[in-house]
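Trainee: Next up is a structure, given as structure tokens.
The values are calculated or read from the model by the stated rules, or taken from the named source; none is laboratory data. Owing to the predicted nature of the structure, the values given are computational and were not obtained by experimental measurement. Positions of Cβ are generated from backbone atoms using ideal geometry, with glycine treated the same way; all protein chains shown enter the neighbour counts.
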Amino acid sequence: MIVPLVDAALAEAGYPAGQSFAVVGHSLGGLLARFLLEAEDSADAGWRGRVRSLVMLSTPHHGVRTGLAAFACRHYRDRHWRQVGCDMRPRAPFLGSLGVRKPGHVDVPYLSIGVESPHTFLLVPRFDGDGDGRARGNDNTVMAESAVLHAAPFALWRGKQLSDHFTASCSSVVNGWIADFLQDGGLPRVSEQRVDSDDDCAGVSPQAGAPP
């Protein structure tokens, strides 16, 4: 059901049938891309062979552990989005079917990026998704290390300015990481120092940290 919609969108954007492309998925978009790539029949549909690489930004592989998904599951008015909230809860069947590890049968390069805001609105316990003993905060919706996907590279972006689940995609640093990975597979050079989120969605930076 989803693949024909994606194919139609690609055709409308000028991609001829069979042409390869890269995927950048934010939040739920990253999970949907994984679902399409990792399903056993995706190779038969030709989908897996067309995707060159996948970048996931604030994608909750471990679930939306801040409690917002559980709230949306119970209270969101639209029943379709309410179901999405239910699917994003930790230990939900949909997330369980994907798991928290990149499958060995998928050779598409993955990069997952987590986001931590300096001052979060949500007073929830920090979460250690990669098991290194260092728990992290959240981006006001998704725990930063909920984006950890085992057997795939992970990078943590820590902004100086207050950001949220959506404006993190405006960071020139994050855009530089994505551009480098899509261009030649270059992995982010991560710093523990907080970095400026110093642009306004004006464009993609050619290199990490460079102005747009």
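Trainee: Could you list, in sequence order, all residues of the stretch 80-132 that are closer than 19 Å to L156 by Cβ, touching a Lys or Arg at 6+ places or on another chain (Cβ under 9 Å) and among the basic types (K, R)?
Mentor: K102, R126
Trainee: Continuing with this model, one more query. Does G67 meet the test of being of a type outside the set (K, R), without any contact (Cβ under 8 Å) to a residue 24 or more places away in the chain and on the phi > 0 side of the Ramachandran plot?
Mentor: Numbers: of a type outside the set (K, R): yes; without any contact (Cβ under 8 Å) to a residue 24 or more places away in the chain: no; on the phi > 0 side of the Ramachandran plot: yes.
Spelling it out, it is not the case that G67 is of a type outside the set (K, R), without any contact (Cβ under 8 Å) to a residue 24 or more places away in the chain and on the phi > 0 side of the Ramachandran plot.
Trainee: Within the stretch 91-111, can you find the residues that are surrounded by fewer than 15 Cβ atoms within 10 Å (Cβ to Cβ) and either within 24 Å of G185 (Cβ to Cβ) or small (G, A, S) (or both)?
Mentor: Answer for the stretch 91-111, where residues must be surrounded by fewer than 15 Cβ atoms within 10 Å (Cβ to Cβ) and either within 24 Å of G185 (Cβ to Cβ) or small (G, A, S) (or both): G96, S97, G99, R101, P103, G104, H105, D107.
Trainee: How about the stretch 133-154: which of its residues are in contact (Cβ under 8 Å) with a residue 24 or more places away in the chain and surrounded by fewer than 20 Cβ atoms within 10 Å (Cβ to Cβ)?
Mentor: The answer is H150, A151, A152, P153.
Trainee: Please indicate, with yes or no, whether at least one residue in the stretch 34-45 is touching a strand residue (DSSP E or B) at 6+ places or on another chain (Cβ under 7 Å) and of a type in the set (A, V, I, L, M).
Mentor: yes
Trainee: Take the residues in the stretch 1-28 that are touching a residue at least 24 places away in the same chain (Cβ under 8 Å) and not hydrophobic (A, V, I, L, M, F, W, C), then tell me which one is surrounded by the most Cβ atoms within 10 Å (Cβ to Cβ).
Mentor: Among those residues, the one meeting the criterion is S27.
Trainee: Return the residue satisfying two criteria in turn: it lies in the stretch 45-81 and is more than 12 Å from M143 (Cα to Cα) and assigned to a loop (DSSP other than H, G, I, E, B), and of such residues it is modelled with the lowest pLDDT.
Mentor: Within the stretch 45-81, the match that is modelled with the lowest pLDDT is A45.
Yes/no per residue for (1) touching a Phe, Trp or Tyr at 6+ places or on another chain (Cβ under 8 Å); (2) outside any helix (DSSP H, G or I):
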residue: R134; (1), (2): no, yes
residue: N140; (1), (2): yes, yes
residue: E145; (1), (2): yes, no
residue: A155; (1), (2): yes, yes
residue: N175; (1), (2): no, no
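Trainee: Mind checking which residues of the stretch 8-23 are within 24 Å of G185 (Cα to Cα) and not in a loop (DSSP other than H, G, I, E, B)?
Mentor: L10, F21, A22, V23
Trainee: Is it the case that R48 is surrounded by 14 or more Cβ atoms within 10 Å (Cβ to Cβ), in contact with a Ser or Thr (Cβ under 7 Å, 6 or more places away or on another chain) and among the charged types (D, E, K, R)?
Mentor: For R48, the condition - surrounded by 14 or more Cβ atoms within 10 Å (Cβ to Cβ), in contact with a Ser or Thr (Cβ under 7 Å, 6 or more places away or on another chain) and among the charged types (D, E, K, R) - is met.
Trainee: Working carefully through the options G99, G131, find the one that is of a type in the set (G, A, S) and farther than 17 Å from L31 by Cα.
Mentor: Unique residue meeting the criteria: G131.
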